[in-house]
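Visitor: My structure is below; once you've seen it, I'll send some questions.
The values are calculated or read from the model by the stated rules, or taken from the named source; none is laboratory data. On a predicted model such as this, the values are computed, not experimentally measured, just so you know. Glycine gets a Cβ as well: all are built from the backbone with ideal geometry, and neighbour counts include every protein chain shown.
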Amino acid sequence: MEAFSYRDGELFAEGVALSDIAARFGTPTYVYSRAAIEAGYNAYADALAGTPSMVCYAVKANSNLGVLNLLARLGAGFDIVSSGELERVLAAGGAPKRIVFSGVGKSRDDMRRALEAGVYCFNVESRNELERLQNVAAAMEVKAPVSLRVNPDVDAGTHPYIATGLKENKFGISIDEAEAVYAQAASLPNLDVIGVDCHIGSQLTSLAPFLDALDRLLDLIDRLGERGIAIRHLDLGGGLGVRYRDEQPPLPGEYIQAVRQRLQGRNLELLFEPGRSIVANAGVLLTQVEYLKHTEHKDFAVIDAAMNDLIRPALYEAWMDVVPVQPHPGIERTYDLVGPICETGDFLARERNLVLAEGDLLAIRSAGAYGFVMSSNYNTRGRAAEVLVDSEQAFEVRRREMIEDLYAGESLLPQ
Ligand SMILES: Cc1ncc(COP(=O)(O)O)c(C=O)c1O
Ligand SMILES: N[C@@H](CCCC[NH3+])C(=O)O
């Protein structure tokens, strides 16, 4: 079943009309489908059945507690990049032993908190981080499980802002240096070397770069084995793309099958850190048309969602599909869909042929990943509500921010 589909002339999320959600919770509102998130996770879990493995959902893609709780109940592991994400996962019922901690800038506090919680592994991104982790673990009299994030220098063929596996990117340890850094890690008494990790970029639409990276990592694992450094797991990161428009990315099942074929009897636990491919198409941003503004040059639809709610179009010129919730007859025009923010870059979509009237509801599709999580309070706008639909029911999993929330914690100057 499609999570979002038209029935009786209007768009539904599972069994709930989006117009009902707008009436109940207002707009702009993110709406997620439980069934679609489950299907997204299960596409990985099913393909990995029978293989020692963990699907560590990348929390940064959508860190709503309801979403994390749903994934924790399915047995997911989690990939985190901050203590904030760690606390979210724990609050949502995630198991510490299924958490991997990624990121180039882990602070000492991050490390202490993750060691206290007992995470499964730190994905370490530099020599300096390795030394810092050794010191923190020694002071706590524990051993930190580590994997090095190796930068395999492959071109992911994606937007330059979201490619991470090239020499010139800030991420990871160069593959040419990796063996030496592993030797250093293995010599540090409070570190336990358990894995190899990489993540080459996001929204990849072909398998070739993943497999290229995999070959380089397997070669490294073999060389490490010869040096007596036994690697227990291989973490291939996230990055599998989704269809926003007409892309045809491989499915998780195809990807995993190709990976398994290349492992050739090696005794490695497989880890993945998918974010977008689990949640992107499980969500829409529901918004309403405030004004139609016709100028000599352009037709604008000013909507109540803006770049502060969904920054992907402004930041990456990302194309996101926009569809009417209750299509109606009328004159089709070519609209730029813009928000109320005082920036020319505040657009959600450009040059879309739509039949619109003021008050119409629109759904911006594929907004379940890197949507709400990248939102801000710019222009002192409150953040959108988030609603999870489960069959015939809709639950508010995060309430809309109130005006008072927007300056809570700030203070006037002392007299
Ligand atoms: C280390 C790491 N793992 C996993 C992900 C998730 O990527 P995606 O949402 O493309 O699957 C990211 C983001 O690109 C990342 O930086
Ligand atoms: N936030 C990005 C992807 C970056 C992935 C995080 N490493 C997007 O919306 O596409």
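Visitor: Considering every residue within the range 363-378, establish whether at least one is surrounded by fewer than 16 Cβ atoms within 10 Å (Cβ to Cβ), of a type in the set (S, T, N, Q) and either under 24 Å from G9 (Cβ atoms) or in contact with a Ser or Thr (Cβ under 6 Å, 6 or more places away or on another chain) (or both).
Guide: Scanning the range 363-378, I find no residue that is surrounded by fewer than 16 Cβ atoms within 10 Å (Cβ to Cβ), of a type in the set (S, T, N, Q) and either under 24 Å from G9 (Cβ atoms) or in contact with a Ser or Thr (Cβ under 6 Å, 6 or more places away or on another chain) (or both), so the answer is no.
Visitor: Which pairs have Cβ atoms under 7 Å, sit 6 or more apart or on different chains, and link a residue in the range 398-415 that is closer than 27 Å to L68 by Cα to one that is among the aliphatic types (A, V, I, L, M) and modelled with pLDDT of 95 or more?
Guide: These pairs meet every condition: R398/A385; R399/A385; R400/A384; R400/A385.
Visitor: In the list V59, V104, which residue meets the criterion of being within 16 Å of ligand 2 (Cβ to nearest atom), surrounded by fewer than 18 Cβ atoms within 10 Å (Cβ to Cβ) and in contact (Cβ under 8 Å) with a residue 24 or more places away in the chain?
Guide: Step by step, each of V59, V104 is checked, and only V104 is within 16 Å of ligand 2 (Cβ to nearest atom), surrounded by fewer than 18 Cβ atoms within 10 Å (Cβ to Cβ) and in contact (Cβ under 8 Å) with a residue 24 or more places away in the chain.
Visitor: Further, regarding this structure: Hey, can you tell me all the residues within the range 65-87 that are touching a Leu at 6+ places or on another chain (Cβ under 8 Å) and within 16 Å of ligand 1 (Cβ to nearest atom)?
Guide: V67, G77, F78, I80
Visitor: Next up: So if I check each of P324, P313, P274, which one is under 20 Å from G201 (Cβ atoms), away from ligand 1 (no atom under 16 Å from the Cβ) and surrounded by 15 or more Cβ atoms within 10 Å (Cβ to Cβ)?
Guide: None of the others qualify; the one that does is P313.
Visitor: If you check L240, L234, L286, which single one turns out to be buried (at least 20 other Cβ atoms within 10 Å of the Cβ), free of Cβ contacts under 8 Å to residues at least 40 places away in the same chain and within 25 Å of N64 (Cβ to Cβ)? Spell out the reasoning first.
Guide: Details: L234 fails: within 25 Å of N64 (Cβ to Cβ); L286 fails: free of Cβ contacts under 8 Å to residues at least 40 places away in the same chain.
From the options L240, L234, L286, the qualifying one is L240.
Visitor: Return yes or no: is E386 in a loop (DSSP other than H, G, I, E, B), touching a residue at least 12 places away in the same chain (Cβ under 8 Å) and touching a helix residue (DSSP H, G or I) at 6+ places or on another chain (Cβ under 8 Å)?
Guide: Taking the combined requirement at face value, the residue does not satisfy it.
Visitor: Spot the failing condition for L354; the list is (1) in a strand (DSSP E or B); (2) hydrophobic (A, V, I, L, M, F, W, C); (3) touching a residue at least 60 places away in the same chain (Cβ under 8 Å), and only one is missed.
Guide: It fails just one condition, (3).
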